[in-house]
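Engineer: Could you have a look at this structure, given as structure tokens, before my questions?
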Amino acid sequence: MSTPKKTWFLERAKKFFFYPVQSDLFYNIFAMTEGKLLAAFEKVEITPRYSVHLGGYFNKRVSEGVLDPLHMRLAALSDGEHRFLFIQVENCAISTPDAEDIRNRIARESEYQKHEIMLFTSHIHTGPDLIGFFGLPKEKRYLEDLKRMVVEAAVRLNPQASVSLSFARATYERLAYNRRWVMKGGGVVTNPPKNSTERLRPEGSVDREANTIVFKDEGGRIQALFVNISNHTDTIGGNMISADWPGFMERHLNKLLETDIPVFLFLAPQGNINHFEFESERAQTNYQEAQRLGRAYAEIVASSLTHLKPLSLKGGASPAQSLEAREILLPIPARKISAAEIEKAEEILSRKEGRKENQGRPLTAEDLAKNHATVEWLFARELVELAKNMPKNYRVPLQAVKLGSVAFAAIPGEPFVEVGLELKNIAPFELVFPVALANGYFGYIPLRKNFGRGGYETRTSSASFLAEDAADRILEAFRFLLAF
């Protein structure tokens with residue numbers, strides 16, 4: 001059924017996206033329930049029972065055991081006629097084709113349509129590699145097992161229990177920091193040595209909000225929490241499987257609240273953020289750091305729940321439409337690679353010292369900051385391969401969901417924190433959840449001004465390949481998408 005709002009959006013979208021926008025690329029779902037929804041929640045363990053390649057670093061890592069289990073969490077919402085499904089998976093990232101495959105499979109076997117499904121990851125660096133970063137082995141066996149488990153859980157989940165919604169906002173100090181530093185000699189370095197006297201100042205901002213949506217049953221008992229936090233989930237290192245600090249956060253929250261509920265982490269844009277305290281000399285890559293952050297965030301969230309506010313199911317510019325979702329495919333050009341960059345990369349590839357793969361320890365952005373020969377060789381190989389194979393444009397799925405007076409903005413990649421901060425200010429909602437690593441992966445998404453300064457995130461690779469104005473394009477698109 002056509003509406004004035006839908007017609008307005010389609011006409012504006014046709015002008016903005018520079019190609020015909022058909023009705024099948026723009027979707028609406030509505031829930032008219034006053035003050036309540038039907039919901040169902042499920043938490044399913046997805047820990048691999050066999051050895052897997054771990055994703056998130058530059059070199060090959062094979063799992064040697066399990067520190068704590070991995071899970072996926074599903075939340076199905078319905079008004080009895082229309083539905084929406086959130087699926088959170090504890091993993092580093094999932095490719096866009098694989099995310100599309102999962103959503104399409106669910107759509108074929110259920111009442112959901114693809115646009116009514118959001119699939120997002122917690123970005124742990126201690127889980128099976130589903131991408132094949134830097135030419136490393138993609139864990140295909142586990143990926144197929146995961147797809148089967150996700151689809152089976154999604155199809156059987158039936159929202160029947162009436163729930164009420166409320167929300168809480170919190171701010172905190174410490175825990176999260178901008179990891180890109182302006183140096184005295186000029187330029188920017190990602191994760192410079194802590195004891196470096198060459199550091200001047202962090203390059204950018206930090207988002208220290210921890211915002212929560214609470215689902216309660218008719219008896220007032222909490223059934224699930226949605227939590228939106230900006231920080232990297234890479235605190236452990238090594239070759240052991242772990243859910244990192246989000247796992248600790250959920251376990252400690254359940255202890256504090258005396259419950260046993262799923263806690264969904266909607267990771268806010270965090271491409272330039274991590275937990276390193278650069279003024280401290282203490283080691284911060286270990287299991288104890290995951291525990292420290294998880295417990296700290298749990299206490300922040302638990303404390304905020306003493307100041308809950310009812311979440312109105314009438315929100316946005318069109319309050320009669322309580323639950324609405326929109327999804328478009330935004331064309332974004334590929335990053336331009338100059339002849340000089342290719343020439344330099346080919347020279348690095350000719351060096352013998354970089355070819356031997358380092359199996360002794362994980363290689364990270366800290367090694368890149370030290371000009372580690374193997375890491376430089378890997379980046380050179382990535383750039384040359386991309387220059388040969390990149391398409392002219394990528395089709396990037398962007399999804400906006402309105403749940404009453406709360407909006408979700410889902411981005412398939414790792415935007416810099418400033419993107420999330422801007423999204424929170426775009427729309428007239430009580431709360432906006434900007435969601436990174438949702439519905440696929442298109443790498444780091446810095447701001448235009450971050451390029452040319454240095455740092456890992458802006459270097460062209462399989463983890464950073466969109467045009468330099470990608471963040472601007474995405475923000476402009478969401479100004480339309482969030483105009484509910």
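Engineer: If I filter the range 157-203 down to residues being surrounded by 13 or more Cβ atoms within 10 Å (Cβ to Cβ) and among the basic types (Lys, Arg), which single residue comes out as nearest to the chain's Cα centre (by Cα)?
Structural biologist: Filtering the range 157-203 for residues that are surrounded by 13 or more Cβ atoms within 10 Å (Cβ to Cβ) and among the basic types (Lys, Arg), the one nearest to the chain's Cα centre (by Cα) comes out as ARG179.
Engineer: Within the range 467-476, which residues are surrounded by fewer than 23 Cβ atoms within 10 Å (Cβ to Cβ) and among the aliphatic types (A, V, I, L, M)?
Structural biologist: ALA467, LEU475
Engineer: Now for a separate question. Going through the range 286-322 one residue at a time, which ones are at pLDDT below 95 and assigned to a loop (DSSP other than H, G, I, E, B)?
Structural biologist: LEU311, SER312, LEU313, LYS314, GLY315, GLY316, ALA317, SER318, PRO319, ALA320, GLN321, SER322, listed by residue number.
Engineer: Among the residues of the range 73-88, is any in a helix (DSSP H, G or I), farther than 23 Å from GLY271 by Cβ and not charged (D, E, K, R)?
Structural biologist: No, the range 73-88 contains no residue that is in a helix (DSSP H, G or I), farther than 23 Å from GLY271 by Cβ and not charged (D, E, K, R).
Engineer: Still on this model: Hey, can you tell me all the residues within the range 128-169 that are small (Gly, Ala, Ser) and closer than 18 Å to THR96 by Cβ?
Structural biologist: GLY132
Engineer: If you check ALA93, ALA99, ALA76, ALA107, which single one turns out to be more than 22 Å from TYR57 (Cα to Cα), modelled with pLDDT of 95 or more, among the small types (Gly, Ala, Ser) and buried (at least 20 other Cβ atoms within 10 Å of the Cβ)?
Structural biologist: Going through ALA93, ALA99, ALA76, ALA107 in turn, just one is more than 22 Å from TYR57 (Cα to Cα), modelled with pLDDT of 95 or more, among the small types (Gly, Ala, Ser) and buried (at least 20 other Cβ atoms within 10 Å of the Cβ): ALA76.
Engineer: What tally of residues in the range 442-464 results from selecting those that are of a type in the set (Phe, Trp, Tyr) and either under 27 Å from SER322 (Cβ atoms) or out of contact with any helix residue (DSSP H, G or I) (no Cβ under 6 Å at 6 or more places or on another chain) (or both)?
Structural biologist: 1
Engineer: List, please: which pairs have Cβ atoms under 9 Å, are six or more places apart or on different chains, and start with a residue in the range 216-242 that is more than 30 Å from ASN191 (Cα to Cα) and end with one that is assigned to a loop (DSSP other than H, G, I, E, B) and at pLDDT below 95?
Structural biologist: GLU218/LYS36
Engineer: Sticking with this one: In the range 115-156, how many are part of a helix (DSSP H, G or I) and either crowded, with 20+ Cβ neighbours inside 10 Å or touching a residue at least 24 places away in the same chain (Cβ under 8 Å) (or both)?
Structural biologist: 17
Engineer: Tell me which residues, restricted to the range 72-111, are within 17 Å of the chain's Cα centre (by Cα) and among the hydroxyl-bearing types (Ser, Thr, Tyr).
Structural biologist: Passing the criteria: SER95, THR96.
Engineer: Follow-up. So, in the range 359-383, how many residues would count as being more than 22 Å from LYS194 (Cβ to Cβ) and at pLDDT below 70?
Structural biologist: 1
Engineer: Collect the residues in the range 243-271 that are among the charged types (D, E, K, R), touching a residue at least 12 places away in the same chain (Cβ under 8 Å) and either touching a strand residue (DSSP E or B) at 6+ places or on another chain (Cβ under 6 Å) or not in a helix (DSSP H, G or I) (or both), keeping them in residue-number order.
Structural biologist: Hit for the range 243-271 is GLU250, nothing else.
Engineer: Among the residues that make up the range 224-242, is at least one of them closer than 19 Å to MET118 by Cβ, in a loop (DSSP other than H, G, I, E, B) and assigned by TED's automatic domain parsing to the domain that holds LYS60?
Structural biologist: Scanning the range 224-242, I find at least one residue that is closer than 19 Å to MET118 by Cβ, in a loop (DSSP other than H, G, I, E, B) and assigned by TED's automatic domain parsing to the domain that holds LYS60, so the answer is yes.
The values are calculated or read from the model by the stated rules, or taken from the named source; none is laboratory data. Quantities reported herein were computed from a predicted structural model and do not represent experimental measurements. For neighbour counting, all protein chains shown are included, and Cβ atoms are generated from backbone atoms with ideal geometry for every residue, glycine included.
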